[in-house]
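See structure below.
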Amino acid sequence: MTLISIITPSYNQADFLEKTLTSVLEQDYPEIEYLVVDGGSSDGSVEIIRRYAAKLAWWVSEADSGQACAINKGFARAKGEIVAWLNSDDYYLPETLSTVARLFAEHPEAGIIYGDVLSVNAAGEPIHVQRFRPYTLDDLMAFNIISQPAVFMRRSLLEKVGYLADDYHLLLDHHLWLRMAQHAPLFYTPQILAAARYHENAKNIAKAADFGKEAFKIVAWMQTEPALTARFEQHKAEILAGAHHLDAFYLVEAKQMRAALAAYGRAFRQHPATALKSWKRILYALLSTLGLSRVRAIYLKARKKNLARHV
């Protein structure tokens, strides 16, 4: 049976950490190596980790230089053929790891396997489902994002391309997927494998306005990566539009609606189809700038109804 290594980086997420830990430890798959890397939390996280220490392969609590540093510590100790990380405010659904092990066995060509993700709020209430599709390297280059909590990797491929780059803080996962997808295909399963928690201290909320900067840092990197330069020139319009589109998405999350509309406009000028796939968010941002205070409530109500139909 294939060993799966899961790494949880943790820092002052005591409100959510126990749910994360138990979602791994209570999986129905027996061959799990679980490593927890705490960054020196001061909010009671260490006491929670200690309660589960006997079930962990390894854990530590010490100061580090950030998320990439913490995850890389886990990668360096991981022994599993399959490896993933699960942040301390996210959690797996039941039977996720047995599903992943089966899919890797059925698809020996795949370097990455990923699925859909349930978005929940701080209280664990469903918000919506992030649904994806089969992506290629070209899709990733155009900033079609896959949700990290539902991504699993072959450790052999991870060792080949290297660990997370510590100069990325927001799109460090996407940068890694791009490096891995140059060497092996991705496989998508249309199943919800994990839940991602959205709360005021989550990076995708607290630092939403900064995602665009890292997207364009990746754009610059792609132009210097020997294996990607020809692809970049061939798909330049889609790639630039994708970066602006991602910037716009997170600017909406940051409630910077005018800046978001400007970014959507830049995406449209590069590649109209990329921008127009988010026409509902564009309309939402536009109406919000007009001071229609009920727009967000209507938008969220409609999304909640749609979630109830599809979860």
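Just a few scattered comments:
- Taking each residue of region 55-74 that is in contact (Cβ under 8 Å) with a residue 60 or more places away in the chain and looking for partners that are in a loop (DSSP other than H, G, I, E, B) with beta-carbon atoms closer than 6 Å, six or more apart or interchain, yields Ala68/Leu164; Ala68/Asp166; Cys69/Asp166; Ala70/Gly39; Ala70/Asp64; Ile71/Leu164; Asn72/Tyr163; Asn72/Leu164.
- When Leu170 is tested against the conditions (1) outside any loop (DSSP other than H, G, I, E, B); (2) more than 20 Å from Asp138 (Cα to Cα); (3) among the hydrophobic types (A, V, I, L, M, F, W, C), the lone failure is (1).
- Leading residue by the ranking (nearest to Lys280 (Cα to Cα)) among those in region 219-236 that are of a type in the set (A, V, I, L, M, F, W, C) and loosely packed, with under 15 Cβ neighbours inside 10 Å: Ala220
- Output for region 245-279, where each listed residue is buried (at least 18 other Cβ atoms within 10 Å of the Cβ), within 20 Å of Leu137 (Cβ to Cβ) and free of Cβ contacts under 8 Å to residues at least 40 places away in the same chain: Gln270, His271
- Any chance Tyr34 is touching a helix residue (DSSP H, G or I) at 6+ places or on another chain (Cβ under 8 Å) and touching a residue at least 60 places away in the same chain (Cβ under 8 Å): no
- Residues that are loosely packed, with under 15 Cβ neighbours inside 10 Å and of a type in the set (Gly, Ala, Ser) within region 29-55 comprise Gly40, Ser42, Gly44, Ala53, Ala54, listed in sequence order.
- Among residues of region 204-218 that are within 12 Å of Asp247 (Cα to Cα), those with a beta-carbon under 6 Å from a residue that is of a type in the set (Asp, Glu) and modelled with pLDDT under 95 at least six positions away or on a different chain give the pairs Ala208/Glu253.
- A count restricted to region 194-233 and to residues that are of a type in the set (A, V, I, L, M, F, W, C) and either out of contact with any helix residue (DSSP H, G or I) (no Cβ under 8 Å at 6 or more places or on another chain) or not in a helix (DSSP H, G or I) (or both) stands at 9.
- Index of the failed condition, Ala241 passing every other in (1) of a type in the set (A, V, I, L, M, F, W, C); (2) surrounded by fewer than 13 Cβ atoms within 10 Å (Cβ to Cβ); (3) in contact with a His (Cβ under 7 Å, 6 or more places away or on another chain): (2)
- Qualifying positions in region 88-115 - under 19 Å from Leu25 (Cβ atoms) and either surrounded by 24 or more Cβ atoms within 10 Å (Cβ to Cβ) or not polar (S, T, N, Q) (or both): Ser88, Asp89, Asp90, Tyr91, Tyr92, Leu93, Pro94, Glu95, Thr96, Leu97, Val100, Ala101
- Residues satisfying the stated conditions in region 280-298, i.e. at pLDDT 90 or above and surrounded by fewer than 16 Cβ atoms within 10 Å (Cβ to Cβ): Lys280, Leu283
- One residue from Gly66, Gly80, Gly44, Gly111 being under 17 Å from the mean Cα position of the chain (by Cα), in the same structural domain as Ser147 (by TED's automatic domain parsing) and more than 21 Å from Leu170 (Cα to Cα): Gly111
The values are calculated or read from the model by the stated rules, or taken from the named source; none is laboratory data. Predicted model only: the values in this text are computed from it and were never measured. With ideal geometry, Cβ positions are generated from the backbone for all residues, glycine too; neighbour counts draw on all protein chains shown.
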